[in-house]
1. Set the Förster distance to 35 Å, then compute FRET efficiency between Trp112 and Ser153 from the Cβ-Cβ distance, nearest 0.05.
2. Could you give the dipole magnitude of the range 8-145 about its Cα centre, charging the beta-carbon of Lys and Arg +1 and that of Asp and Glu -1, in debye to the nearest 20?
3. Longer than 25 Å from Cα to Cα, which of Lys110/Lys139; Lys283/Lys337; Lys5/Lys96; Lys283/Lys311; Lys49/Lys110 are they? Say none if no pair is.
4. List the GluC sites (Glu not before Pro) within the range 183-244 that fall in a DSSP loop (any state other than H, G, I, E or B) and whose Cβ has at most 12 other Cβ atoms within 10 Å.
5. If I model a spin label as a point 7 Å beyond the Cα along the Cα-Cβ vector, how far apart are those points for Arg205 and Gln340 in nm?
6. Ranked highest first by average number of other Cβ atoms within 10 Å, how do 331-338, 96-103 line up?
7. Can you give the Rg and Dmax of the range 8-145 based on its C-alpha atoms, in angstrom?
8. So how do 14-24, 307-317 stack up, highest first, on mean other-Cβ count within 10 Å?
Amino acid sequence: MEKPKPRLVLIGPFPEPAGGVSIHLARLASGLETRGYTVRRIDESPMRKRQVFNLRSLNLWAYLRTVLSCDVAHVQSCVTSLRCFHLFFCWLLRLKVVVTVHTLRLSGWKLWVNRLFLRFADEIVLVDPNTDRVLALGKSRVLPAFLPPVGPSSPLPMEVQRFIARQRAQGRSLLCANASKLIAHDGHDLYGLDLCVDLVHSLIRDYGIPMSFVYIVASDASGNALYERALHRIRELSLEDHFLLFNGTVDFAAVIRLSDVVLRPTNTDADALTVREAIYMGKPVIASDVIGRPPGTILFRNRSLPSLIEKTVEVLQRRRTGTPICQEIDYLDPYVKLYQCR
């Protein structure tokens, strides 16, 4: 007789807004449900959705009711305090506890606290092998957070559709990049939007390459200094017909499918969904060398515009392409094995 499937609760940020972790969680939940698993969700996103319990409601009873109805909790919080809270309470309530640490840039007491509370987990999953050396727990496993898109792509906003159609009609190559939220890191734009604008200007002015760029910012950028600075720079360089800076909800996988080259010019990173998604679709992907990247990634020196220009010109002029990875990989199987009850 087949063993009954465990009831699961996935905890972390769910879209919207869309980001690497939230998209991963949404795809994981959808994939597991198609395999017959009962999946509950505890959302930590700043945007509340109907029929999904959001931790920001501060409803402890609803939290307990959700957790107690399940056998396994998979915690994917990106905030230390929330991660520790879930780990302790789910352990206290006798669930099997799985935790995924997507990124861990901590030191001092915060690192000590993470090490302490991660011991409540039965399974620790890291997306970056370097995190294992930082935590020094000795019981973790490395598992990339990538899951393929589920089902057909959502329609793109009309502004994005029209821009891409116009570029194609003029025979221009299309590049793309994205950011969940525009923020500074080490005194620079973390997601490299400024580099992308200057890249387009150089490729058109200095190399005469017919090209265009779509840059998607998922979270509300109202009043964001980096966003406003980029808009000003686009107008200053007269790039309005070549560079679309779009702020809003977009299925970025659909943008990748329509693009010729994908960029990930971040000055810090974890295991980026954008990079793996581009490789999965067979698109050339150019990324900063801030961390080890998946095989097939084209690297440029972090925050170096000349290096980024060199690699992009190489891709566009030599028509360097990517090769789609094997479509037969069962990406959900490692998670199914993690959830097997004790």
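Values in this text are rule-based calculations from the coordinates and carry no lab data. Keep in mind that this is a model prediction, so the values were computed, not measured. Virtual Cβ from ideal backbone geometry, glycine too; neighbours counted across all protein chains shown.
1. Numbers: r = 43 Å, r/R0 = 1.24.
For R0 = 35 Å, the calculated efficiency reads 0.20.
2. On the way: 19 positive and 9 negative charges, 36 e Å.
That gives the range 8-145 a dipole magnitude of about 180 debye.
3. On the way: Lys110/Lys139 20 Å; Lys283/Lys337 31 Å; Lys5/Lys96 13 Å; Lys283/Lys311 14 Å; Lys49/Lys110 31 Å.
Beyond 25 Å between Cα atoms: Lys283/Lys337; Lys49/Lys110.
4. Values: sites: Glu228, Glu236, Glu240; in loops: Glu240.
The qualifying sites are Glu240.
5. If labels sit at Arg205 and Gln340, their model points lie 6.0 nm apart.
6. Values: 331-338: 14.2, 96-103: 22.1.
So the peptides 331-338, 96-103, ranked by packing, come out 96-103, 331-338.
7. In Å, with Rg to one decimal and Dmax whole: 14.3, 43.
8. Numbers: 14-24: 22.3, 307-317: 17.9.
Highest-to-lowest ranking by the protection proxy: 14-24, 307-317.
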